[in-house]
1. Points 7 angstrom from Cα along the Cβ direction at Asn30 and Ser209: gap in nanometres?
2. Zone of Arg59 (label point 7 Å along Cα→Cβ, backbone N under 15 Å): which residues in the range 77-101?
3. Taking just the alpha-carbon atoms of the chain, what radius of gyration and Dmax come out, in angstrom?
4. Take every Cα pair under 8 Å in the chain that's 6+ residues apart, average their separations, divide by the length, and report that relative contact order as a whole percent.
5. What shape does the range 1-136 take by its C-alpha gyration tensor, where a ≥ b ≥ c are the square roots of the eigenvalues and a/c under 1.5 counts as rounded, a/b above b/c as prolate, and the rest as oblate?
6. If a/c stays under 1.5 just call it rounded; otherwise compare a/b with b/c (prolate if a/b is bigger, oblate if not). Do that for the range 133-267, with a ≥ b ≥ c from the square roots of the Cα gyration tensor eigenvalues.
7. If you put +1 on each Lys and Arg Cβ and -1 on each Asp and Glu Cβ, how big is the dipole of the chain around its Cα centre, in Debye rounded to 20?
8. I'd like to know how the range 216-267 sits against the 2.2 N^0.38 Å rule of thumb: what's its Cα Rg over that expected value?
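Values quoted throughout were computed directly from the atomic coordinates according to the rules given, and no laboratory measurement underlies them. If you're wondering where the values come from, they're calculated on a predicted model, not measured in any experiment. A quick note on method: Cβ atoms are made from the backbone with ideal geometry, for glycine too, and the neighbour counts reach across all protein chains shown.
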Amino acid sequence: MLSGPNQRNPTLSALVVVYNEEAILEACLNRLDWVDDLVVVLDKCTDRSKEIAQHHNARLLEGSWEIEGPRRNTGIDFCETDWILEVDADEWISDELAQEIRQTINSPKYDVYNLKVDNYIGDKLIHHGWGGGSFGKPSYIGLFRKGVKTWGLQRLHPHLTVTGTESPEDLKNPVIHRIYADFSEMLRRLDRYTTSRAKDLVDRDEVASLPNAFRKFLSRFYKVFIRRNAYREGGYGFMIALCAALYPLISNIKAKYEEAPKKGDIE
């Protein structure tokens, strides 16, 4: 609906959910000083994340969540504006994207908009191979009216429920995603992600057999490296494809041999 002469412009919150992100939070928040309401959710933070957020006059919500979905939903509920922009601490919103977002919500045609993403490893922009499980994202539902987006109950990358109308096209200007500083960080994140995923698999009784998990490893590597053109990125693309393929395999191994025995499900 277009804004008439007696109608106010819609308001916008930027929502940033963090867990001990002092090394990267400042750069993220520096690029969000144009929103009407800056909300930072602090999940069990023990570093300087709170101090950094306070310096930017953010509204703070502190707590402790085991599962990502409820943590993000709590942050969404805490926002008080018409529209919400979800941003991770390792993402930057450029001036061009900020202007495009303002123009979009001032004359919205839809309730939900996808933001395309430029993913970086260090200072290198990687164009190909993203979208394999938890390793990079080509786009995401990042701009939406409050009340139309709900996260699921999974620990890692929970499913989304979206109501209202969704734009068929991404916004033109990308989010700058500083996804990994280097390969070592990529491998450390693989370890963390597979541990969380293993817990979800056990909770939902979805642990696959090792032969099936290995077949998924092979098919995912082929999908990312060949079909998504990761090979065009050289060694970077090989590492993206390898980690994306190892993600379900290692998750199932951890679920079977580490998480299931903790719940008494020992064969």
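1. Calculated label separation equals 5.4 nm.
2. Residues 77-86 fall inside that zone.
3. Radius of gyration, then largest Cα-Cα span, for the chain: 19.5, 70 Å.
4. Contact order relative to length: 18 percent.
5. oblate
6. oblate
7. 980
8. Compared with the compact-globule rule of thumb, the range 216-267 sits at 1.47.
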